[in-house]
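Undergrad: One structure is given below, represented as structure tokens, and several questions about it will come after.
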Amino acid sequence: MIKLIPIDKLRPGMYVHDLNCDWMEHNFVRNRFTVDTDETVAEIRALGVPEIWIDTERGLDVADESAQDENEVDEAVHALAAADAGTTPRRPPPRTLEQARRLHGEANLIVRNMMGDIRLGKQIEMEQIEPLVARIVDSIFSRQDALLPLARLKDHDEYTFQHSVSVCALMVSFARALDQPREIIREIAIGALLHDVGKAQVPDEILNKPAKLTDAEFVKMKNHVVQSKIILQSTPGISNIALDVAAQHHERFDGTGYPNKLKGEEISLYGQMGAIVDVYDALTSNRVYRKGMPPTDALRKLLEWSKFHFKPELVQSFIRSVGIYPTGSLVRLESQRLAVVQSQNEEQMMQPVVKVIFHTRGHYLPPETIDLRRSQDRIVGHEDFAAWKIDPARWLPE
């Protein structure tokens, strides 16, 4: 068992799993080793770390009830995070990948059927949308790392529906990172799920055209924002928050957006959030006319564009909400192994938890989950699943 113990409990015969400090801060040859003498204990204590990780299966244990194993430490961190957010600390309910898969599939089906109904002139049924949104919010609050990677898996011919679900999930995560109240997050999520309902009024040959749109087609495409606003304004129970998300997600901070060329704070917070998330999901999605870019490249683009199109502080908050290397993305480690990001370490965004699956020499490896905070290996860049012929759906976070 891996335990975190107070440094004054360290004794000869224990096995150090992690010195709990950067490798440049100590002169030990390795980060993991057996403590063989009192002199070694003294050298480790001289590093000034208050706690240290030991492996009780490879060395002596400690008779100290204050010592914590990895699971207890994770729960304590979650509780502290909840307390900092002003909520009541509680252990999040379990959220399996299979539950997230079912929710994701159900959400796509509901949005697809809703778009079909709108084309037939029917009204949006909020009694279907509201419970679905409540479950998406619950899912993100319970286990963000289960639903968000699923949101990146899209089929070309299902893009419009799946994009709406993706934007909804990402917006919930974003709003949570901004410490928005739960009731506000619910309204943001409704607006995000419905932000593209106006595309039901756009012909399929324009929506799915595999080439550049003509000027006339582009005018029709841009009109979907106006149509979304008209549809939602006639939907009973829609809040102004939800309406802002849908009506303003193509506005830009420098006034270059559409349909109203709003500028700066003329765009509501929710509209600004929607613009960032909509662009990110579009950039990372495969479309009929282009291949999606890796998430890290898309985040870099958002940063670049935040000089003009987006509020820089909001872009930075969004990046913190998804991570520098978002969950579900493929990364290359310094060891020349490829790994899929499993979850984020919020305080150390460059050191997420990853699952090693492949070697760049061209062969699969026995899967190994590594918390990079406690490893000498590190991420040196992102990779493309397709370039290595790796199926991302096979390696979704567990």
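The values are calculated or read from the model by the stated rules, or taken from the named source; none is laboratory data. Source: prediction; values computed, not measured. Here the Cβ positions follow ideal geometry from the backbone for every residue, glycine too, while neighbour counts run over all protein chains shown. For the accessible areas, the whole protein counts, side chains as well, though only heavy atoms, and no ligand, DNA or RNA atoms are used. Shrake-Rupley method; radii C 1.70, N 1.55, O 1.52, S 1.80 Å.
Undergrad: Out of the total accessible area of the range 106-247 (probe 1.4 Å, heavy atoms of protein only), what percent is carbon and sulfur?
TA: On the way: 3030 of 5990 Å².
Result for the range 106-247: 51 percent of the exposed heavy-atom area is carbon or sulfur.
Undergrad: Can I ask one more? Under 20 Å from a point 7 Å along the Cα-to-Cβ line of A211: which residues of the range 280-304 have their amide N that close?
TA: 287-291
Undergrad: Normalising by the residue count of the range 140-238, find the relative contact order in percent from Cα pairs under 8 Å and 6+ residues apart.
TA: Values: 79 pairs, mean separation 22.7, N = 99.
After rounding, I find 23 percent.
Undergrad: Rolling a 1.4 angstrom probe over the protein chains, ignoring ligands and nucleic acids, what is the accessible area of K9 in square angstrom, nearest 10?
TA: Around 80 Å² of this residue is reachable by solvent.
Undergrad: Mean separation of Cα pairs under 8 Å and 6+ residues apart, divided by the residue count of the range 273-398: what relative contact order is that in percent? Write out the running numbers ahead of the final one.
TA: On the way: 197 pairs, mean separation 25.2, N = 126.
Once normalised by length, the contact order is 20 percent.
Undergrad: Still on this structure, please answer the following. Rounded to the nearest 0.05, what FRET efficiency do R45 and R300 give with R0 = 35 Å and r taken as the Cβ-Cβ distance? Could you check? Before the final figure, lay out each step's value.
TA: Numbers: r = 42 Å, r/R0 = 1.20.
The formula returns an efficiency of 0.25 here.
Undergrad: Run the numbers for A134 and Q348: contour at 0.36 nm per residue of separation, minus the present Cα-Cα distance, in nm. Don't jump to the answer; show the numbers that get you there.
TA: Details: separation 214, 0.36 × 214 = 77.04 nm, distance 3.01 nm.
Using 0.36 nm per residue and subtracting the Cα-Cα distance, I get 74.0 nm.
Undergrad: R135: accessible area at probe 1.4 Å, nearest 10 Å²?
TA: About 100 Å², rounded to the nearest 10.
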